[in-house]
Amino acid sequence: MNYDPRAWAVHKGSEHPFDQAASPIDNGTERPDPSRYTARAFFEREWHRVFTRSWLLAAPASDVPEPGDWVKFDIGPESFIIVRQEDGSVAAHYNVCPHRGSQLVSGDMGSQDSFTCPFHSWRFGIDGHNQHVTDAETFRPEVLCHGTDLSSVRAEEAVGLIFICMSDDAPPLADYLAPVLPMLETYRIDRMHVVQHRRSDWAANWKGGIDAFYESYHLHAIHPQTMGVIDDRTHIDLFPGGLSRQFVPMAQPNSHFADQTGINPGIAALLKDAGIDPEEFEGSAQDSRAAVADAKRERAARIGLDYSHFSDAQLTDSTIFGIFPNAQIGCHPEAVFLHRFKPHATDPEQFTYETTILYRHVDAPGYGAPGWMGLGTDVDVTGATRPEVVHTGLGEPPGMGEVLDQDSDLLPIVQAGARSRGFKGPLWGEQEARLRHFHAELDRWLERK
């Protein structure tokens, strides 16, 4: 190997425990068959051997704060109702009536003390138990004894997020997330609430979405507007179970950017975002990242927040965690970006990209989510209102901001290339180590019986 993805000075001089590199994992150099992006048989095997057996990120816990609060979680061919119970726990039921199969809810979320089937008015408690069978006397007991309750799956909470699992054989969620769980806990996502929720259908395989978001190698080519402010010299950590972490340095130039010292408009915006006047800043672009960390730490202390446990990188960088199989969590002390790549119900060459921003509101001058997240002035950041889900269909401009819209334009082009006889499979470099790690774990799951 002539390249170490942890060799760049992302954490230069840091002895903070959070910044310490994980033990290296070598996933080899194999070139996988490109049919994994197009073949229906591969797609169906993924569903049955991966998605039905692993823990899936279903919803932020803040969406169901009180008993009876529920959210609908759709993925692949399945739909689930995630609902808060009277004892404070969460339950997850298949969104299907046991009578004739009608779905029970069609909205994104709500609050009620029971669920009534719109077809024949069978009613179920939030715990899934049947409360009423219409004209029960017209059913032979031998029919109803087959079961009239909702079918349920496992549901557990961790770090302010709700996960579900369709398998009884999977380990507890805490064990599944163990390598990254303590790191995620430092962000206190449980104190955050949703301020933006968007859903967009893209003409590509769901793994194409994973691949695009799991590396920064493409920034210089696809997102030239980020060149002055987001460095592609990142720090990558791989963990067992297909989990991963990446620090993407902010407030410093990309390695391909011509001017490595000047305070360009992008860096100036991030300095201002941290409370630093760019006109008075005397350092170069190589000093701006550290200055942002110092300023955010000072501001936190001034407004009564405890940032003492965060490393400088946590205060400045986009610190990203990959959660197998289909989620990525971008973490900051003030806000968290949830990305989910949800396979289509039937088509291996479509997926739904779902992005949710959670924010911890503090009413203090200068405090806010990182400016590059693009939250407009019209966004209610107080948590008083939960925004509706904005859903754009296949071929519609997603309206997710310039960078994400660029990704949505490119991925169908990549998908078209994956179908070509001339494409023999991806050639992943070490900047794409998270991709190889993810696909290696995927293959391990697919080989299980």
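The values are calculated or read from the model by the stated rules, or taken from the named source; none is laboratory data. This one's a predicted model, so the numbers in the text were calculated from it and none came from an experiment. Cβ coordinates were reconstructed from backbone atoms using ideal geometry, including for glycine residues, and neighbour counts include every protein chain displayed. SASA here: full protein model, heavy atoms, side chains in, ligands and nucleic acids out. Shrake-Rupley method; radii C 1.70, N 1.55, O 1.52, S 1.80 Å.
I'd like to check one number: the per residue accessible area of the range 8-151, probe 1.4 Å, reported in Å² as a whole number.
Solvent-accessible surface per residue comes out at 52 Å².
Applying 1/(1 + (r/R0)^6) with R0 = 41 Å to the Cβ-Cβ distance of Asp190 and Asp135 gives a FRET efficiency near 0.35. Here's how it looks for Ile323: its modeled amide H is under 5 Å from those of Gln328, Ile329, which are all 5 or more places away or on a different chain.
Working ranking of peptides 68-78, 316-326, 252-262, 132-142 by packing, defined as the average number of other Cβ atoms within 10 Å per residue, highest first, is 316-326, 68-78, 252-262, 132-142.
For the range 171-301, with all protein chains present and a 1.4 Å probe, just round the carbon and sulfur fraction of the accessible area to a whole percent.
C and S fraction of accessible area: 54 percent.
Between Ser102 and His309, the distance separating the two model label sites (each 7 Å from Cα on the Cα→Cβ line) works out to 4.8 nm.
Note the full-extension length gain between Val403 and Val390 as 0.36 nm times their separation in residues minus their Cα-Cα distance, in nm to one decimal.
2.9 nm
The packing ranking, built from the mean of other Cβ atoms within 10 Å per residue, places the peptides 183-193, 329-339 in the order 329-339, 183-193, highest first. For the chain, Cys145, Cys165, Cys331 have no disulfide-compatible partner, since no other Cys C-beta lies under 4.7 Å from theirs. Placing +1 on each Lys and Arg Cβ and -1 on each Asp and Glu Cβ, with no other charges, gives the chain a dipole about its Cα centre of roughly 1100 debye. Apply the a/c threshold of 1.5 to the C-alpha gyration tensor of the range 1-79 and tell me whether it is rounded, prolate or oblate. The shape class here is oblate. Taking square-rooted eigenvalues a ≥ b ≥ c of the alpha carbon gyration tensor, is the range 31-163 rounded, prolate or oblate, where a/c under 1.5 means rounded and, failing that, a/b exceeding b/c means prolate? It is oblate, given that a/c is not under 1.5 and a/b is not larger than b/c. Given their separation in residues at 0.36 nm each and the Cα-Cα distance between them, Asp149 and Asp168 gain 5.0 nm when the chain is fully extended. Solvent-accessible area per residue in the range 208-259 equals 28 Å², computed with a 1.4 angstrom probe and all protein chains kept. In the range 26-91, the portion of solvent-accessible area held by carbon and sulfur atoms comes to 44 percent [1.4 Å probe, whole percent, DNA, RNA and ligands not counted]. Round to a whole number: what % of the accessible area of the range 308-449 belongs to carbon and sulfur, probe 1.4 Å? Carbon plus sulfur share of accessible area: 53 percent. Axis of helix 402-418 versus longest Cα principal axis of the chain: the two differ by about 70°, to the nearest ten degrees.
Rounded to the nearest 0.05, the FRET efficiency derived from the C-beta distance between Thr38 and Ile413 at R0 = 22 Å is 0.95. Round to the nearest 10 and give me the degree value, 0 to 90, for the angle of helix 288-302's Cα axis relative to the longest principal axis of the chain. Tilt of helix 288-302: around 60 degrees. Pairs from the list Lys207/Lys449; Lys207/Lys272; Lys342/Lys449; Lys424/Lys449 with a Cα-Cα gap above 32 Å: Lys207/Lys272. Peptide packing for 430-436, 49-55, 418-424 was compared via the average number of neighbouring C-beta atoms within 10 Å per residue; ordered from the highest value, the list is 430-436, 49-55, 418-424. Centre-to-centre separation between the Cα atoms of the range 195-258 and those of the range 298-331: 16 Å. How high is the relative contact order of the range 237-291, in percent, counting Cα pairs under 8 Å that sit 6 or more residues apart? Dividing the mean separation by the residue count of the range 237-291 yields 37 percent. Note that the chain shows a convex hull volume over its alpha carbon atoms of 160 Å³ per residue. For Ile162, the residues whose modelled amide H falls within less than 5 Å of its own, excluding neighbours fewer than 5 places apart on the same chain, are Ala58, Ala59, Ala61. Rolling a 1.4 Å probe over the protein heavy atoms gives the range 309-449 an accessible area of 41 Å² per residue.
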